[in-house]
Amino acid sequence: MKNGYKGVIFDMDGTILNTIEDLLNATNYALLKHGFPIHTVEEEYYFVGNGLRKTVERALPADVSPETVDAVYEDMVAYYSVHSEDHTRPYDGIVDVIQKLREKGLKTAVVSNKADFATKALVEKFFPDCFDEVMGETEGFALKPDRAMVDEVLRRMGIQHDEAVYVGDSNVDLMTAKNSGLDCISVSWGFRQKHVLKELGAQTIIDTPEELLKIRITK
């Protein structure tokens, strides 16, 4: 990794917020409503990461019709829009660390495949005054691991790609960082275990948010 950065881009689910229980509840609510089997937390870990629609597609049997996917997705989104904050909480220490990064002069952002309304609402509740830019699923921008949202957030912050580092917890985040030309810091407290991150090719893995304070900034 390079010696200094001006900005840090964070993934949301599994990186700064533990959202898995609310996502699981929304998924299972929609599945039950349409007569499909429900899933466990362990299964949900591998359904999420590419947006809510992809979560639904992965949770459903492979042979269902597109119309069924649409119906289950609509019910999941409706439920999640009301219940996205029921059990969701920031990971221990992450709020304080982000605030300290900003005190050091770094700009910070969130880029998530979660719906933009939910991304912004969760940031407003749990991370007031912590981020310069927040972007969730937005019409006209491809979801991660495409680089489109990362490019847009960097543009808004006035930061070049070689001046930023990406922080995430999954294979999607590793691919996003690679596609965007950013260094990547993987976190082991999220939705993927450390050994899985290593198998996925993660070069830099941290076990606590406090380790992010070792990032060197560009003056």
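Remarks
- Single unsatisfied condition, Val111 versus (1) within 18 Å of the chain's Cα centre (by Cα); (2) outside the structural domain of Gln160 (by TED's automatic domain parsing): (2)
- Looking only at residues in the range 124-154 that are part of a helix (DSSP H, G or I) and not acidic (Asp, Glu), the one that is farthest from Leu101 (Cα to Cα) is Ala148.
- Taken over the range 102-118, the criterion of being over 11 Å from Asp132 (Cβ atoms) and either part of a helix (DSSP H, G or I) or of a type in the set (Asp, Glu) (or both) is satisfied by Glu103, Asp116, Phe117, Ala118.
- From the options Ala142, Ala164, Ala148, residue that is buried (at least 19 other Cβ atoms within 10 Å of the Cβ), farther than 25 Å from Arg89 by Cβ and among the small types (Gly, Ala, Ser): Ala164
- Options Val72, Val110; residue that is crowded, with 19+ Cβ neighbours inside 10 Å, more than 27 Å from Trp189 (Cβ to Cβ) and in contact (Cβ under 8 Å) with a residue 24 or more places away in the chain: Val72
- Test: residue in the range 172-183 that is assigned to a loop (DSSP other than H, G, I, E, B), surrounded by 19 or more Cβ atoms within 10 Å (Cβ to Cβ), touching a His at 6+ places or on another chain (Cβ under 8 Å) and aliphatic (A, V, I, L, M): yes
- Inspection of the range 187-195 finds a residue satisfying the criterion of being modelled with pLDDT under 95 and in contact with a helix residue (DSSP H, G or I) (Cβ under 8 Å, 6 or more places away or on another chain).
- Selected residue (criterion: surrounded by the fewest Cβ atoms within 10 Å (Cβ to Cβ)) from residues of the range 8-50 that are in contact with an Asp or Glu (Cβ under 6 Å, 6 or more places away or on another chain) and over 17 Å from Arg192 (Cβ atoms): Lys33
- Being touching a residue at least 24 places away in the same chain (Cβ under 8 Å) and assigned to a strand (DSSP E or B) is a property that Ile159 lacks.
- When the test is whether a residue is in a loop (DSSP other than H, G, I, E, B), among the acidic types (Asp, Glu) and either in contact with a Gly (Cβ under 7 Å, 6 or more places away or on another chain) or surrounded by fewer than 18 Cβ atoms within 10 Å (Cβ to Cβ) (or both), Glu57 does not pass it.
- In the range 181-193, the residues that are under 17 Å from Ile20 (Cβ atoms) reach residues that are at pLDDT 95 or above and assigned to a strand (DSSP E or B) with C-beta atoms within less than 6 angstrom, at least six apart or across chains, in these pairs: Val187/Ile206; Ser188/Ile205.
The values are calculated or read from the model by the stated rules, or taken from the named source; none is laboratory data. In this text the structure is predicted, and so the values were computed from the model without any measurement. Note that we place each Cβ from the backbone using ideal geometry, even for glycine, and neighbour counts take in every protein chain shown.
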